[in-house]
1. Please pick out the residue among 262, 321 that is more than 21 Å from residue 381 (Cβ to Cβ), assigned to a helix (DSSP H, G or I), open to solvent by 20 Å² or more (accessible area, probe 1.4 Å) and out of contact with any helix residue (DSSP H, G or I) (no Cβ under 8 Å at 6 or more places or on another chain).
2. Could you name every one of the helices (runs of 4 or more DSSP H) located completely within segment 75-144 that has at least 1 residues being under 24 Å from residue 48 (Cα atoms) and of a type in the set (Lys, Arg)?
3. Could you run through segment 240-259 and say how many residues are open to solvent by 20 Å² or more (accessible area, probe 1.4 Å), polar (S, T, N, Q) and within 14 Å of the chain's Cα centre (by Cα)?
4. Could you tell me how many of the residues in segment 423-444 are open to solvent by 50 Å² or more (accessible area, probe 1.4 Å) and not small (Gly, Ala, Ser)?
5. Suppose the filter is under 23 Å from residue 373 (Cβ atoms) and open to solvent by 50 Å² or more (accessible area, probe 1.4 Å); does residue 338 pass it?
6. Which pairs do you get when a residue that is within 10 Å of residue 306 (Cα to Cα), found in segment 321-334, comes within reach of a residue that is among the aromatic types (Phe, Trp, Tyr) and open to solvent by less than 30 Å² (accessible area, probe 1.4 Å), reach meaning Cβ atoms under 8 angstrom, with the pair 6+ apart or on two chains?
7. Based on what the data block shows, is residue 236 outside the structural domain of residue 196 (by the TED database) and open to solvent by 10 Å² or more (accessible area, probe 1.4 Å)?
8. Restricting to segment 209-227, name every residue that is farther than 15 Å from residue 259 by Cβ and surrounded by fewer than 19 Cβ atoms within 10 Å (Cβ to Cβ).
Amino acid sequence: MTDSKINSMLMKLPDETGKGDVMAATSVLQQKANEIRNNSINWQSYLQSQMIGDDDYRFITEFLSSDGSKRDTLLEEQRGQCAKTFLSLLEHISKDQTVQYILTIMDDMMQEDMNRVEIIREYAKKKRENVWSPFLNLLNRPDGFIQNMTSRIIAKLACWSRDPMEGSDLTFYLTWLKDQLQMPGNEYVQTTARCLQMMLRDEKYRLVFAGMGGVSVLANILSGRINFQIQYQLSFCLWVMTFSTQLVEQMNKHKIIPILGDILNDSVKDKVTRIILAVFRNMIEKPEDAAMIKENCVAMVQAKVLKQLSILQQHKFDDEDIMADIEFLTEKLQASIQDLSSFDEYSTEVKAGRLEWSPVHKSERFWRENAPRLTEKNYELLKMLVHLLETSRDTLVLAVASYDIGEFVRHYPRGKSIIEQLGGKQMVMQLLAHEDSNVRYEALLAVQKLMVHNWFV
């Protein structure tokens, strides 16, 4: 499938942001929006105080009293006035309650018919004004509802309009979404994730988001304690990103497979299971690099995905796509095991940062045959081991990494000097004072091996 066809397919996915969506109806934003729609705004007082003009007053009162075909006709006949009125109201009225109401009915107007985003775009183009500025400014308002309803409108304009969002406007908005996702206790995080789901269906937006560290942010959030709905939404974001094959490599860097593997193993919700399986399938199916495909398969085996697939096969799913993905992944992962060398297994374990006492670590033959390979790609695996010694809080990882450092030194002629250059000796020495006895023991053995003048004399 060509990139343009993939992009077209993704843009046609349901937005799941409508009022009819059960999940959306339970979000904090939609609950508050339902209350706001029932508010009564005294537009007459705004007219009398000259905060709005006669034409804006006439349009907003007529708009609110119309629905269905009558509203369609009004918007068709007064497209320019519609845009002028909404933008003028947002500019001249500062009261939070009224701004909340204006944004809610604007969002409803666009949700009723996605082509209505063009009303705002055409007006801005005619006036030679930046269509994004009025909305991006509202993201700085202190009121959370105003920020997040504005964000919904921006996402609709960016995804449904003929003119895409670009440059500093796009960077500002995606940065705002990224920051909102990471904000502790954000009650509107579901809405933030919804907007990101919409935006990342477009490849231009995906690449910019990834370029600003977006994959890392998603990985960090997914590896924390979050509810199943956010797990689903952010996994959906990763799924659409896997359609850009250059982003799959970034996902490996940020250990997406083991993170999603953990969620899959604990998942009790079919939709979470379905979207994670879809991510995994794309991570095998989309890359053209055979080495990357193999690495992804091995990482999935390491993350105990194959074991979970066998459990899922016993489960009866109504969704045919889930069953197809289970069969596809089972076949590919079982085939990868047949070709799996001990070094592949070891390499994947180190890259995932999840060391355990698997057989390769204690195998004399493994170290004799593979110690030189740890120096490949500019000492990539050795640097990862040293990084684990420096950053991991897992006592098992620290013990195994210390052991591996010692075995590398013992089996590679220049091992001692290489480890010293990479800072590994210092890290191991520090672990001699670790509170865990197993870590101290393995660190002591590694230090002893580092102190031997020459293993090969």
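The values are calculated or read from the model by the stated rules, or taken from the named source; none is laboratory data. None of these values were measured; they are calculated from a predicted model. For neighbour counting, all protein chains shown are included, and Cβ atoms are generated from backbone atoms with ideal geometry for every residue, glycine included. Note: areas computed on protein heavy atoms with side chains; ligands, DNA, RNA excluded. Shrake-Rupley method; radii C 1.70, N 1.55, O 1.52, S 1.80 Å.
1. Checking each option against the conditions leaves just 262.
2. On the way: elements: 79-92, 96-112, 117-127, 133-138.
Where helices (runs of 4 or more DSSP H) fall fully within segment 75-144 and carry at least 1 residues being under 24 Å from residue 48 (Cα atoms) and of a type in the set (Lys, Arg), they are 79-92.
3. Qualifying residue count, segment 240-259: 2.
4. So the count comes out to 10.
5. The answer is yes for residue 338.
6. Short answer, once both residue conditions are applied: 329/280.
7. Answer is yes for this residue.
8. Within segment 209-227, 211, 212, 213, 227 qualify.
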